[in-house]
Amino acid sequence: MSIEPTARKPNWQAMASSTVSRRDFLGNLAGGLSGIALVDLLATDGALKAAATSDLPPRHHRPGTQRVIQIFLQGGLSQVDSFDYKPDLIRHHGQELPASEKPDVFGSKIGLLHAPHWTFRQRGESGLWISDLFPHIAGHADQLALIRSMYEASGNHTPATFIAHCGLNELGFPTLGAWVLHGLGSVSRDLPGFVVLGDPRGMPAGGANLWGSGFLPAKHQGVLLQSEGPAVTDLKSFQPISNATRQSRLALLEKINRDHLAARQVNDELAARMRSYQLAARMQLAVPEATSLERETSQTQKLYGIDQDTTRDFGRMCLLARRLVERGVRFVQLWSGATLAQPTWDSHEDVVNDHAREAARIDLPVAGLLSDLQQRGLLDDTLVICTTEFGRTPFAQTEKGKLGKGRDHNQDGFTSWLAGGGVRGGMSYGATDPLGFRAIENPVSVHDFHATILHLLGLDHERLTFYHNGLNRRLTNFHGRIIGDILA
């Protein structure tokens, strides 16, 4: 037997004919979001339909990919322990940094040069050098394009992370995912176009600003889903109501929405607010289905490491990412590493302990993601990228003349990789010096990296602009070049 809410029973007929505000009306709908569930399904004509934007914006050129899964390693992955093989660093292990080098690093402790903490091996038919830190990802060497000459403008975590996502180290600027939505629009009608899956251990430094829309319309900002437990809390009504009551409320709310908009003619903010409610209502049906990982076979769950304690969290995130892009989500962002007070890739004191812990969490799931996307025919038009805010020094972070176990921040040279749609696999681009310290061959800035990602999506980074404060702003600011050599 259904239970009808007893508190504040409204007079629906009187409210429909009065000048009651939408805020008051929504306040009378028990259950919050559940009170407007399915409202968009009723808005099939009239002003709301006219206000909705259904056509996707045109691309600037033919794309190599349709969607992006971004994996970000918060804290600073050591390139010389993972993807940047330096035999000279092994030969000079325990020696001092050459006097000709003038290190500009975050900390002040410059110890002796330290060889890689993991063994490097040539992988796949391409023979890419990848260390044993990532044995499962290494199995996909022939799909990876390694950019070994990345560099950053900051050696401090928070500003460097902002640069990695926004192109600038200032608040209030849109992130990569928001720019992608601005340029391409959302494919899915029932799910957000930009979804964020954070590390369940904590938020990254910078918080929600790292997936914000800045001065772009708010509809382009990332939507944070929970990485463990229900993806979205409070999706269901806190009190059961009958279908008849629900439908009558929805019909009345739809009428109030249309009348309210019609009385104000053109009002973009009002129409956008209505669309946000509509999306929230549709998400009540779409999110539970999209995030029901138990619907996947045990074999698929094992592929992502969901059957293991160490890999379960990130495995769920990677599998959820695949399910989301399958359902039309344009941009999915996965975070590995929490705040600076929680475990991250930041390894000042013990690279072996910190990196081994973090790599064990993501290596199998990321490899599973690449395998699953390929098996389903999705990798050809899905771009997977993995990057970090900066790299780490080839010398130990300890007192001068000593050989420590940690490495300091290094913004002058690090590695990012791409795989999937439009990318040449089994190759590396650029190089750092013989010790892995500074990018010296084909240096790649964050602006170059962003320009290339936009190009792969069919967007010209110089034409993707938004007028703000007297300037036609863009993700790449006034810089950026496309890394043509990595394009398929």
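Readers should treat all values here as calculations from the given coordinates under stated rules, not as data from a laboratory. This one's a predicted model, so the numbers in the text were calculated from it and none came from an experiment. We place every Cβ from the backbone using ideal geometry, glycine too, and count neighbours over all the protein chains shown.
Going by C-beta contacts inside 10 Å, put Y467, Y151, Y304 in order with the fewest on the left. Walk me through the numbers on the way to the answer.
Working: Y467 9, Y151 20, Y304 29.
The order, fewest Cβ neighbours first, is Y467, Y151, Y304.
Name the residue from W335, Y429, H355 whose Cα lies farthest towards the positive end of the charge dipole of the stretch 301-448, charges +1 on Cβ of Lys and Arg and -1 on Cβ of Asp and Glu.
Selected residue: W335.
So what is the diffusion coefficient of the stretch 311-469 in µm² per second by Stokes-Einstein at 25 °C and 0.890 mPa s, using a Kirkwood Rh over Cα pairs?
The estimated diffusion coefficient comes to 136 µm²/s.
Quick one: order S78, S149 by neighbouring beta-carbon count within 10 Å, fewest to most. All intermediate terms of the calculation are to be shown ahead of the outcome.
Numbers: S78 30, S149 26.
Lowest count first: S149, S78.
Quick one: net charge of H60's neighbours, Cβ under 11 Å, K/R +1, D/E -1?
Values: positive: R59, R62, R463; negative: D460, E462.
Here the charged neighbours net out to +1.
First measure r as the distance between the Cβ atoms of H468 and Q122, then evaluate 1/(1 + (r/R0)^6) with R0 = 45 Å and state the FRET efficiency to the nearest 0.05. Write out the running numbers ahead of the final one.
Numbers: r = 48 Å, r/R0 = 1.06.
So, using R0 = 45 Å, E works out to roughly 0.40.
For the stretch 63-168, just say rounded, prolate or oblate: build the C-alpha gyration tensor, square-root its eigenvalues into a ≥ b ≥ c, call rounded for a/c under 1.5, and beyond that prolate if a/b exceeds b/c, oblate if not.
Working: a/c = 2.39, a/b = 1.15, b/c = 2.07.
Judged from the Cα gyration tensor, the stretch 63-168 comes out oblate (a/c at least 1.5, b/c at or above a/b).
Could you order peptides 247-258, 289-300 by the average number of other Cβ atoms within 10 Å of their residues, highest first?
Working: 247-258: 18.3, 289-300: 13.2.
By packing density, highest mean first, the sequence is 247-258, 289-300.
Would you please give the residues with an amide H less than 5 Å from that of A205, counting only those at least 5 places away or on a separate chain, with H modeled from the backbone geometry?
L340
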